[in-house]
Amino acid sequence: MTDHRAEAKQAHGAGDGLLDVIVVGGSQAGLAMAWHLARHQLRFAVLEAGPEIGHTWRSRWDSLKLFTPTQYDSLPGMPFPGPADTYPTKDPVADYLKAYAAAFSLPVRLNARVTHLGKTADGFEIRTRDEVFRARLVVVATGPFQVPFTPPAAQQLDGSVIQLHSAEYRNPQALPDGPVLVVGGGNSGFQIAEELAAAGRPVDLSIATRAPMLPQRLAGRDLFWWLTRLRLLRVATESRLGGRLSSRPDFVIGSTRRKLAVAGVRFRPGVASAEGRTVRFTDGTTLNAGIVVWATGYRSDYSWVDIPGVARDGKVAHRRGVTDVPGLYFVGLTWQHTRGSALLGFVHDDAAYLAGHIRSNARANQAPAHPVPHRPG
């Protein structure tokens with residue numbers, strides 16, 4: 001499927017080797033974008049940094065489970081397998097993405113981390129470690145989980161303290177014995193703290209900012225049934241309600257402080273500083289730390305984008321994924337247009353919008369290099 005010479009030739013097309021589109025990133029946003037580009041019969045390639053499709057999903061902790069049930073997890077053209085109202089774990093998600101790319105013969109190039117994106121006279125130049133691509137248009141689909149972030153206090157702890165980011169956490173058995181401090185009050189922090197407590201580990205959970213909490217099910221219906229019926233996942237960022245929601249911490253779904261407290265988790269305020277093995281919290285209390293799991297999120301990294309005015313302080317300047325640089329687009333950003341923009345089963349709306357925009361800008365007489373996708377089966 002990927003990295004074969006025949007497909008590489010197909011992706012590049014004939015003649016000058018100038019593609020219509022390069023998609024940077026081969027996870028859900030990039031694959032949804034690719035499906036729509038194929039429907040428009042454009043010449044394109046998808047550059048994926050990982051060694052396999054779904055690599056980012058497989059590298060998360062073992063018990064990671066989606067909050068969205070299977071009926072809300074599909075990419076365009078192919079339903080997510082499994083009974084309704086069941087919640088896939090990370091490996092089935094990775095398997096689905098891999099099967100999706102294969103079903104539609106999407107031209108994904110693996111081990112193709114982009115190191116430079118620059119502007120040229122006729123479009124863009126995209127460099128990986130081994131290759132150089134040229135395209136008229138580029139879609140950046142690298143997603144919200146790029147560079148694990150740890151606060152400055154992590155650098156102040158003694159080397160004898162075992163520290164890892166949630167991106168490195170796998171399961172309780174992979175950690176040495178002893179109490180664990182989990183830092184982060186989002187979904188990852190709550191899930192990891194709950195799992196560690198269930199395994200009998202003493203756990204402190206540090207929460208700097210309290211996020212709103214929602215149950216997984218309400219009145220016999222999954223939360224996402226209600227969110228879709230009420231159209232809350234489609235509230236535009238530009239609207240008054242969207243502006244308020246996007247400026248607040250994301251929801252914690254399916255966990256509560258009471259549930260964790262019953263499991264034995266001790267709650268702490270945010271981390272203020274650290275020295276040696278001592279962590280100091282914002283209320284002045286301290287903790288002697290032996291193991292710290294930083295569930296403190298990710299930061300964007302667009303240092304490889306060598307085009308002025310695109311990103312500043314990790315934030316992309318765009319309007320629903322369309323930048324001020326002609327031919328440069330983004331998809332899969334958090335709150336790119338709605339709350340669903342970065343979610344597996346909802347990213348297709350932004351991908352469809354951008355594909356229509358791209359098609360109107362593509363050369364009308366460009367010979368197709370891809371068949372129109374069909375539903376497998």
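Derivation of every value follows stated rules applied to the coordinates shown; laboratory data play no part. This structure is a prediction, so every number in the text was calculated from the model and none was measured. Note that we place each Cβ from the backbone using ideal geometry, even for glycine, and neighbour counts take in every protein chain shown.
Coordinate range of the alpha-carbon atoms in the range 254-315 per principal axis, descending: 50, 35, 21 Å. Taken about its Cα centre, the chain carries a charge dipole of roughly 1000 debye when the Cβ of each Lys and Arg holds +1 and the Cβ of each Asp and Glu holds -1. Volume per residue of the convex hull around the Cα atoms, evaluated for the range 37-138, comes out as 118 Å³. Taking the empirical scaling 2.2 N^0.38 Å for compact globular proteins as reference, the range 96-148 has a Cα radius of gyration ratio of 1.33.
Once Lys and Arg get +1 and Asp and Glu get -1 on their Cβ, which of PRO144, ALA211, HIS55 lies farthest toward the positive end of the dipole of the chain? Most positive-ward Cα: ALA211. Between the range 249-313 and the range 113-186, the C-alpha centres lie 16 angstrom from each other. Computing FRET efficiency as 1/(1 + (r/R0)^6) for THR86 and ASN111, where r is the C-beta to C-beta distance and R0 is 30 Å, gives about 0.35.
Taking 4 °C and 1.567 mPa s as conditions, the range 210-251 diffuses translationally at an estimated 115 µm²/s according to Stokes-Einstein applied to its Kirkwood radius (Cα pairs).
With 0.36 nm allotted per residue and the present C-alpha distance subtracted, the LYS315-SER247 stretch has 23.1 nm of extension available. What the Cα convex hull of the range 122-172 gives, in volume per residue, is 163 Å³. For the range 34-144, a crude dipole built from +1 on the beta carbon of Lys and Arg and -1 on the beta carbon of Asp and Glu, taken about the Cα centre, is about 360 debye to the nearest 20. Other residues whose C-beta falls under 11 angstrom from the C-beta of TYR72 contribute a net charge of -3, scoring Lys and Arg +1 and Asp and Glu -1.
A convex hull fitted around the alpha carbon atoms of the chain yields 155 Å³ per residue. Each eigenvalue of the Cα gyration tensor of the range 167-253, multiplied by 5 and square-rooted, gives one semi-axis; in descending order these are 32, 16, 10 Å.
The convex hull around the C-alpha trace of the range 206-329, projected and averaged over every direction, spans 12.2 square nanometres.
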